[in-house]
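Let me begin by presenting the structure, written as structure tokens, before commenting on it.
Bear in mind these aren't lab numbers, they're just calculated from the coordinates by the rules spelled out. Keep in mind it's a predicted model, so treat the numbers as computed, not measured. Neighbour counts run over all protein chains shown; Cβ positions are idealised from the backbone, glycine included.
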Amino acid sequence: MSTAHLSPAAYYASLPKHIAGAGAIFHDAAGRILLVKPSYRNCTWEIPGGGLDIGEDPRQAVQREIKEELGFDITPGRLLVVDWVPQQPDGRPPLANYLFDGGPIIEHEAQTRVHLDTDELTEWQLASPNQWRALLAPHMARRLHACSHALTHDTTLYLHHGFDTTRQQI
């Protein structure tokens, strides 16, 4: 379709649609990462965070989501991973997911600091790398391994459905 004579509104309406999400990686000295269990669907554990609202940037979204889901304010650290998830068979459009360093967390402090939004979440836990495959969907486990790598190697990674095609797979 030629877009040369479209109004800006018509042109923007003709563009492909995708969604975006943002999450925070809270980690401890042992390499464990905080995971949450959603209450709104039967599924695996997830990284705390959620979808961007209209006009919201990923940093704003992760701040809002962490406040809503866990009950505390954060200033997101550096971007660890961007994961592009293609359109899914269930019709979900493509997703760009931004994962930021949420900072260190100590389990005994988290016991009093974390206040779950029980409308959205039922549990939280600090999970070690050897638990991720059992707790998470495969692409999410790959994503966490990439986040862990980014944290320890002071880098940012681009993934495609959890796979880092720029280096050897972990």
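Of the labelled figures (i) 1.27; (ii) 1.00; (iii) 1.11, only one reflects Cα Rg over 2.2 N^0.38 Å as derived from the coordinates, namely (iii). Only one residue of C43, P138, I19 has its Cα farthest out toward the positive end of the dipole of the chain, where Lys and Arg carry +1 and Asp and Glu -1 on Cβ, and that residue is P138. In this rough spin-label picture, where each label sits 7 Å from Cα along the Cβ direction, the W84-T152 distance is 2.8 nm. May I ask you to derive the FRET efficiency for H18 and H108 from their Cβ-Cβ distance with R0 = 45 Å, giving the value to the nearest 0.05? Working from the Cβ atoms, E equals 0.65. Along segment 15-21 the Karplus relation, 6.51 cos²θ - 1.76 cosθ + 1.60 evaluated at θ = phi - 60°, assigns HN-Hα couplings of 6, x, 10, 8, 10, 9, x Hz to successive residues, with x for each Gly and Pro.
Between L6 and T122, what FRET efficiency comes out of the Förster formula 1/(1 + (r/R0)^6) with R0 = 35 Å and r the beta carbon distance, rounded to 0.05?
0.15
Along the chain, the exposed loop sites are trypsin sites (Lys or Arg not before Pro) outside DSSP states H, G, I, E and B with at most 13 other Cβ atoms within 10 Å, and the longest stretch free of them is 79-166.
Can you tell me the dipole magnitude for segment 16-160 around its Cα centre, using point charges on the Cβ only (Lys, Arg +1; Asp, Glu -1), in Debye to the nearest 20?
Here segment 16-160 has a charge dipole of around 480 debye.
The residues packed around T75, meaning those with a beta-carbon under 13 Å from its beta-carbon, carry a net charge of +2 if Lys and Arg are +1 and Asp and Glu are -1.
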